[in-house]
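What follows is one structure encoded as structure tokens, with my remarks underneath.
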Amino acid sequence: MELGSIVEFLENRSILVTGATGFLAKIFIEKILREQPKVKKLYLLLRAADSNSAIMRFNTEAIAKDLFRVLKEKNGGNLSTLVTEKVRVVAGDITCDDDLGVKDSLLFDEMLEQLDVVVNLAANTNFDERYDVSLGINTVGAKNVLNFSKKCDKLKVLIHVSTAYVSGEKEGLILESPLKMGETLNGTSGLDVDSEKKLVNDTLKKLKADNCSDEFIKSTMKDLGIQRARKFGWPNTYVFTKAMGEMLLGQLKDKIAVVIIRPSIVTSTYKQPFPGWAEGVRTIDSIAVGYGKGRLTCFLGDPKTVLDAVPADMVVNAMIAAIVAHANDDQGNITVYHVGSSVSNPFELGWLQDYGHRYFSKHPWINKEGRPVIVGKIKILNSMDAFHTYLAIHYLLPLKGLQLVNMACCRYFQGIYVDLCRKIKYVMRLVELYRPYLFFKGYYDDMNLEKLRRAVRESGVERDFYFDPKIIDWDDYFMNTHIPGAVKYVFK
């Protein structure tokens, strides 16, 4: 694999980015504008009622963020000129067919004529989202972006960002292989995307005909997603719908060069534009938030489980390198890259608990009353049996006692009882959703990515487009970059 200058390739290129206000999308946009201000145009697709609303949303949810401060400093403290010249915010929706919901016909034609690269970052990442919502964005949306890309006059490559966890709960070494249409993880036959769409539409039609409440419809569609995912071997709606999206790309790509990027757990930036930028409570940050605020009394998971994580800027650098590496592929190949660390530089789940204890012991969180939250070692529950025993002793038995007292006192404690029942049910659902990752026994092969890393190294641009997880010292990263970043940008 040969790779020319990344910066030179980006000069005078037009790139479409979907899901433009998402976490990775913003880092991608900032990186392109900072490294190559001579890019021709970034078309940034995001959901909005109209163009003005789209611009306002982009300015509020992207440009106004601290992420763009280095770029602002580089441009004399003002990005308005650069953004006006290089950015076109597009109101649209990838669930709306292959026109991507773009109502401006002149703008649509301009994109078809000008685009060199399409980067699909639009996704719904909720594990138990409504099935109709996840299917629309993660599966049908991927197909719509592909069909749009086929119409582009001079498109060189389509980058589709998926997730490593389309592998479900596979164990051992998981290869960078495309998913075949209808392939399932448990051998169950009958997986068909059109049938899934019909099931969703029929279910919604019946629920509305029965005059069901919005809340009941929402709950039913969430349950349907989990049921369908588990029927075919996936643990949750998110990874199931992302897997089907990949299948459609493989089946329908024709002569389009398609690159599927599968990141593992994405964490805060490692180095650029500065260390530690994060946004939103991500998978492992929920543990840090709960622990730092004193709400986490136990820790579920096998401490020896390898937790595959990768800083966000490394994912973006790998995406940009892949764009350049595959831009001249006229054979319509599909290439998969695992962007993670479990093979190259693994770290264990138990280390996360240790990092949290050490960090918050030295830098306690100050609560609303202005008092430091004192943290201690928390109990490790290294199996589901241990979790159920702990839950029974500490919560279910007291709850049963409260139920009896409540009945004896003519439902005087009904509010407390209902609230505790709701909280326990919520915790059980969370545990069920996250369980596969807390006891995960897979490792993500990254041989394709290693070839890409080698090409970047040989081209002499690794200093700016680094994505080798072997350079990460996990202790230093979590103690001095990630947890401080989560406290600054994520803790509320």
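Say each of L173 and S383 gets a label point 7 Å from the Cα, pointing the same way as Cα to Cβ; how far apart are those two points in nm?
In this crude spin-label approximation the distance works out to 3.0 nm.
Relative contact order, percent, of segment 185-293 when contacts are C-alpha pairs under 8 Å separated by at least 6 residues?
19
Mind pulling the angle between the C-alpha long axis of helix 141-151 and the longest principal axis of the chain? Nearest 10 degrees, somewhere in 0 to 90.
Compared with the principal axis, the helix lies near 0 degrees.
Based on the alpha carbons, how large is the Rg to Rh ratio for segment 157-213 when Rh follows Kirkwood?
On the Cα set of segment 157-213, Rg over Rh gives 1.13.
What span do the alpha-carbon atoms of segment 93-197 cover on each of the three principal axes, reported in whole Å from largest to smallest?
48, 29, 24
Summarise the accessible area of segment 225-270 (1.4 Å probe, protein heavy atoms) by the percent that is carbon and sulfur.
46
Out of residues 5 or more away from K41 or on other chains, whose amide H comes under 5 Å of its own, with H placed 1.01 Å from N in the peptide plane?
Long-range HN contacts for K41: R13, S14, I15.
Could you state the angle between the C-alpha long axis of helix 312-326 and the longest principal axis of the C-alpha atoms of the chain, as a value from 0 to 90 degrees rounded to the nearest 10?
30
If we sort 126-132, 359-365, 227-233, 182-188 on the protection proxy, mean other Cβ atoms within 10 Å, highest first, what's the order?
126-132, 227-233, 359-365, 182-188
How high is the relative contact order of segment 275-382, in percent, counting Cα pairs under 8 Å that sit 6 or more residues apart?
Relative contact order comes out at 45 percent.
Taking the solvent-accessible surface of protein heavy atoms with a 1.4 Å probe, what is the per residue accessible area of segment 18-114 in Å²?
44
Could you state the angle between the C-alpha long axis of helix 193-209 and the longest principal axis of the C-alpha atoms of the chain, as a value from 0 to 90 degrees rounded to the nearest 10?
With both axes taken from Cα atoms, the answer is about 50 degrees.
Run the quick spin-label model on R358 and Q331: label points 7 Å from Cα toward the beta carbon, then report their separation in nm to one decimal.
Placing both labels 7 Å beyond Cα along the Cβ direction yields 4.7 nm.
Considering only protein heavy atoms and a 1.4 Å probe, what is the carbon-and-sulfur percentage of the accessible area of segment 172-213?
It is 53 percent, rounded to a whole number.
If I stretch the segment between D473 and L106 completely, what's the gain in nm (0.36 nm per residue apart, minus their alpha carbon distance), one decimal?
127.1 nm
When we measure straight from the Cα of K65, which aspartates and glutamates land under 13 angstrom away, once same-chain ones fewer than 8 places off are left out?
Qualifying aspartates and glutamates at Cα under 13 Å: E30, E279.
Hey, any idea what % of segment 1-129's accessible area is carbon plus sulfur with a 1.4 Å probe?
Looking at segment 1-129 in its full context, I get 46 percent from C and S.
Return the FRET efficiency for the residue pair E348, Y390: r is the Cβ-Cβ distance, R0 is 25 Å, and the value is rounded to the nearest 0.05.
0.70
Over every pair of different alpha-carbon atoms in segment 1-158, take the mean of 1/r and invert it; report that Kirkwood radius in Å.
Mean inverse Cα-Cα distance, inverted, gives 16.1 Å.
Could you order peptides 301-310, 191-200 by the average number of other Cβ atoms within 10 Å of their residues, highest first?
Going by the mean number of other Cβ atoms within 10 Å, highest first, we get 301-310, 191-200.
Let me have the relative contact order for the chain, percent, based on Cα pairs under 8 Å that are six or more residues apart.
Answer for the chain is 18 percent.
At 222 nm, what helix-only mean residue ellipticity would the chain give, in deg cm²/dmol to the nearest 500, using -39500 (n - 2.57) for each DSSP H run of four or more?
Computed ellipticity for the chain at 222 nm equals -13500 deg cm²/dmol.
Enter the Cα centre distance for the pair segment 350-368 and segment 202-261, rounded to the nearest angstrom.
First find each Cα centre; the distance between them is then 38 Å.
Test of understanding: extend the Cα→C-beta vector of E458 to 7 Å, then name every residue of segment 332-347 with backbone N under 13 Å from that spot.
What the label zone holds, given the 13 Å backbone N cut-off, is no residue at all.
Could you list the square roots of 5 times each eigenvalue of the Cα gyration tensor of segment 431-492, that is, the equivalent ellipsoid semi-axes, sorted largest first and rounded to whole Å?
After diagonalising the Cα gyration tensor, the semi-axes are 28, 21, 10 Å.
Report the semi-axes of the equivalent ellipsoid for the chain in whole Å, largest first, where each axis is √(5λ) for an eigenvalue λ of the Cα gyration tensor.
Square roots of five times the eigenvalues give 38, 28, 23 Å.
Pairs to check: K222/K451; K180/K271; K31/K150; K40/K253; K31/K156. Give those whose C-alpha atoms are more than 28 Å from each other in this structure.
K222/K451; K180/K271
Tell me the per residue accessible area of segment 160-220 using a 1.4 Å probe; a whole number in Å² is fine.
With the other protein chains kept in place, segment 160-220 gives 58 Å² per residue.
The values are calculated or read from the model by the stated rules, or taken from the named source; none is laboratory data. Treat the numbers as computed from the prediction; the structure is a model and nothing was measured. Virtual Cβ from ideal backbone geometry, glycine too; neighbours counted across all protein chains shown. What goes into the accessible areas is simple: the full protein's heavy atoms, side chains included, and nothing from ligands, DNA or RNA. Shrake-Rupley method; radii C 1.70, N 1.55, O 1.52, S 1.80 Å.
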